[in-house]
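Heads up, the thing below is written out as structure tokens.
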Amino acid sequence: MQFGVFSVSDVTTDPTTGRTPSEAERIKDVVTIAKKAEEVGLDVFALGEHHNPPFFSSSPTTTLGYIAGQTERLQLSTATTLITTNDPVKIAEDFAMLQHLAGGRVDLMMGRGNTGPVYPWFGKDIREGIPLAIENYALLRRLWDSDVVDWEGRFRTPLRGFTSTPRPLDGVAPFVWHGSIRSPEIAEQAAYYGDGFFHNHIFWPAEHTKRMVEFYRRRFEHYGHGAADQAIVGLGGQVFMRKNSQDAVDEFRPYFDNAPVYGHGPSLEDFSRETPLTVGSPQQVIERTLGFRDYVGDYQRQLFLVDHAGLPLKTVLEQLDILGEEVVPVLRKEFAALKPAHVPDAPTHESLVAAKGATDPRVYAPADDVTGQAPEEAA
């Protein structure tokens, strides 16, 4: 099972000091957080995509490419790639390039985001959100899976004889997770392609998460990708930890109470009871996280949100130390002991290549006016 952290890239005032970090600080901090995640033994770092304040991450592939050059084994992902407003051609190109730069340590999470105005900013209609997600992803798969693409749809200019470059590393596209909190159509899409389904799991009660994951599992089996319990599931989560649980509650409360996302609403206690937010001791986080399996079954990826709501970098790095030293080692052992042998691990580039077999990703033009070589000469 993979464990990691994700960032939504918010730039938020620290309510205990009144200080707001600059965008430059937060960008540097998120690189530090990713490097720290690898240092403490986590598997994944994921970064969101936003195009509006107070968020800075408008180009996650740029940031992840920079992180790739400073890490060795960390799996790099997105917490959201906006399939509705990004051009599928650019997604295909950007992530194939990142895949090469990172030596295959790349996957991505498709989503529609939660910012309505982003649609008109990119010339799209929010009322077409689901059809956009379906059509754009179908084109993205074609661009990765076929060397030469002829395509025509509703939302984009046609393509004639188009080849997306670079081709995916080893001829194997990055693994895709489809992220959704509330849309069964997206769970259906993930199941249809045999891709992963990621439920962010940070705002909704367990019953809702259970229904969404069960629906995805049933449809995954329906489309012939394997048994329902072999479907690829990921969950988000929010934690804040101190050795003493009351110290964690006291320290985190002002951040919770003033956070743009959930501040000035339900109390910390009510929110913790009704959602997976866990504020307390490392043991409480371990017990709560192990309990997720009771309603989603065996799953492959657990990501925690730790760098939000104005928390200073020093505190975030302390949270990563606790995760790496006290929490994740126990979770790895316990989840591994519970997982049946037929349930797969999270896909990686290596496992996908082993399943498919590496292929020559180069595309040769007739009489090859691209490389100057015939295919048999270039091989």
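Given Gly111, Gly104, which one is under 16 Å from the mean Cα position of the chain (by Cα) and surrounded by fewer than 23 Cβ atoms within 10 Å (Cβ to Cβ)?
On the way: Gly111 fails: surrounded by fewer than 23 Cβ atoms within 10 Å (Cβ to Cβ).
The unique qualifying residue is Gly104.
Restricting attention to strands (runs of 3 or more DSSP E) lying wholly within the range 178-280, give those where 1 or more residues are under 15 Å from Val296 (Cα atoms) and of a type in the set (Phe, Trp, Tyr). Don't jump to the end; show me each part of the working.
Working: elements: 196-199, 233-235, 239-241, 278-280.
Fully inside the range 178-280 and qualifying: 196-199.
If I filter the range 203-222 for residues that are at pLDDT below 95, in contact with a helix residue (DSSP H, G or I) (Cβ under 6 Å, 6 or more places away or on another chain) and loosely packed, with under 15 Cβ neighbours inside 10 Å, do I get at least one hit?
Yes - at least one qualifying residue is present in the range 203-222.
Checking the condition touching a residue at least 60 places away in the same chain (Cβ under 8 Å), part of a loop (DSSP other than H, G, I, E, B) and surrounded by 16 or more Cβ atoms within 10 Å (Cβ to Cβ), which residue from Val316, Val343, Val327 passes?
Numbers: Val316 fails: part of a loop (DSSP other than H, G, I, E, B); Val327 fails: part of a loop (DSSP other than H, G, I, E, B).
Val343 is the lone residue from the list that is touching a residue at least 60 places away in the same chain (Cβ under 8 Å), part of a loop (DSSP other than H, G, I, E, B) and surrounded by 16 or more Cβ atoms within 10 Å (Cβ to Cβ).
What is the number of the single condition among (1) within 16 Å of Leu108 (Cα to Cα); (2) in contact with a His (Cβ under 9 Å, 6 or more places away or on another chain) that Phe56 does not meet?
Exception for Phe56: condition (1).
Counting residues that are touching a Phe, Trp or Tyr at 6+ places or on another chain (Cβ under 9 Å) and of a type in the set (A, V, I, L, M, F, W, C), which strands (runs of 3 or more DSSP E) fully inside the range 1-94 reach at least 3? Give the steps one after another, and end with the answer.
Working: elements: 2-7, 44-47, 75-78.
So the answer is 2-7, 44-47.
Can you tell me which residues in the range 281-313 are of a type in the set (Phe, Trp, Tyr) and assigned to a loop (DSSP other than H, G, I, E, B)? Quick ask: steps written out before the conclusion?
The initial filter retains those residues of the range 281-313 that are of a type in the set (Phe, Trp, Tyr), namely 292, 295, 299, 304.
Residue satisfying the conditions is Tyr299 alone.
Before we move on, is Asp87 within 27 Å of Arg156 (Cβ to Cβ) and surrounded by fewer than 17 Cβ atoms within 10 Å (Cβ to Cβ)?
Values: within 27 Å of Arg156 (Cβ to Cβ): yes; surrounded by fewer than 17 Cβ atoms within 10 Å (Cβ to Cβ): yes.
Yes: the conditions hold for Asp87.
The values are calculated or read from the model by the stated rules, or taken from the named source; none is laboratory data. None of the values given here were measured: they were computed from a predicted structure. Ideal geometry is used to build each Cβ from the backbone, glycine not excepted, and the neighbour counts take in all protein chains shown.
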